[in-house]
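Peer 1: I am attaching a structure below and will ask some questions about it afterwards.
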Amino acid sequence: MSALRRFVLGLDWLLGQVEAVLLAAMVAAITAVTFAQVFTRYVTENPLTWTEEVARYLFVWITLIGAAAGVRLHAHFGLDILRRYVPPLRGFLGAVTMLIVAGFLGLLLYTGIAETRQAALQYSPALQVRMHWAYLAIPVGAGLALWHVLAHWVRSGFAAHPLDKIEERK
């Protein structure tokens, strides 16, 4: 295995571990924040004003980091009827599928960066922090997912279909 391939696959594995830890922490945080909101609203009848906003932003981050983790684990839904019934097209369909995914993620990364820059001019209503912290989830999630597509190509080859069984990591 070449040094570059080992580096890409090792970094992909490491990013997957970091994503898993971040997702677990964010799910725990959104659970605690939501519980605090419900408790203060219905038990103390004095709701916290910031909890709804924090939960919303955590949900966005969980969604986009989770989507990147799904790309890494090949866990997204796929339509594989052509791949299954026309085996000679398997490599071509794999390449086309991953190119479309990479193109979409590249566009999402580009527009996410632009939106994040624009959002830096705004403040959130309850927390009074710059909105770029919420919008930053878009380019981070897209960048991670794009990295996982690159790692897929390094691991399995350019024509490997994302629905094929993935090899053991690292």
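Only the coordinates and a few stated rules stand behind these numbers; no lab work does. Treat the numbers as computed from the prediction; the structure is a model and nothing was measured. FYI the Cβ positions are ideal-geometry reconstructions off the backbone, even for glycines, and counts take in every protein chain you see.
Peer 1: What are the residues in region 34-53 that are out of contact with any Leu (no Cβ under 7 Å at 6 or more places or on another chain), of a type in the set (A, V, I, L, M, F, W, C) and not in a loop (DSSP other than H, G, I, E, B), if any?
Peer 2: 35, 38, 39
Peer 1: Can you work out which of the residues in region 96-108 that are buried (at least 16 other Cβ atoms within 10 Å of the Cβ) and over 19 Å from residue 62 (Cβ atoms) is farthest from the chain's Cα centre (by Cα)?
Peer 2: By that ranking, first place goes to 97.
Peer 1: Within region 37-47, identify whether any single residue is among the aliphatic types (A, V, I, L, M), within 20 Å of residue 145 (Cβ to Cβ) and out of contact with any strand residue (DSSP E or B) (no Cβ under 8 Å at 6 or more places or on another chain), and answer yes or no.
Peer 2: Among the residues of region 37-47, not one is among the aliphatic types (A, V, I, L, M), within 20 Å of residue 145 (Cβ to Cβ) and out of contact with any strand residue (DSSP E or B) (no Cβ under 8 Å at 6 or more places or on another chain), which makes the answer no.
Peer 1: Also: How about region 111-138: which of its residues are hydroxyl-bearing (Ser, Thr, Tyr) and under 15 Å from the mean Cα position of the chain (by Cα)?
Peer 2: Within region 111-138, 135 is the sole residue that qualifies.
Peer 1: Among the residues that make up region 105-123, is at least one of them aliphatic (A, V, I, L, M) and in contact (Cβ under 8 Å) with a residue 60 or more places away in the chain?
Peer 2: no
Peer 1: I'd like to verify a number: residues in region 125-147 that are touching a residue at least 40 places away in the same chain (Cβ under 8 Å), in a loop (DSSP other than H, G, I, E, B) and touching a Phe, Trp or Tyr at 6+ places or on another chain (Cβ under 8 Å), how many?
Peer 2: Number of matching residues: 2.
Peer 1: Please specify each residue of region 1-28 satisfying the condition of being among the aromatic types (Phe, Trp, Tyr) and exposed (fewer than 13 other Cβ atoms within 10 Å of the Cβ).
Peer 2: 7, the sole residue that qualifies.
Peer 1: Now a separate question. How many residues does region 68-89 contain that are in a helix (DSSP H, G or I) and surrounded by fewer than 18 Cβ atoms within 10 Å (Cβ to Cβ)?
Peer 2: The number of residues fulfilling the criteria is 9.
Peer 1: With (1) surrounded by 12 or more Cβ atoms within 10 Å (Cβ to Cβ); (2) polar (S, T, N, Q); (3) over 30 Å from residue 158 (Cα atoms) as the list, and residue 46 as the residue in question, which single condition is left unmet?
Peer 2: (1)
Peer 1: Are any residues in region 29-41 surrounded by 13 or more Cβ atoms within 10 Å (Cβ to Cβ), among the hydroxyl-bearing types (Ser, Thr, Tyr) and under 18 Å from residue 57 (Cα atoms), and if so, which ones?
Peer 2: 34
Peer 1: Something else: Using the structure shown, decide if residue 83 is touching a residue at least 40 places away in the same chain (Cβ under 8 Å) and out of contact with any Cys (no Cβ under 7 Å at 6 or more places or on another chain).
Peer 2: Criteria met by residue 83.
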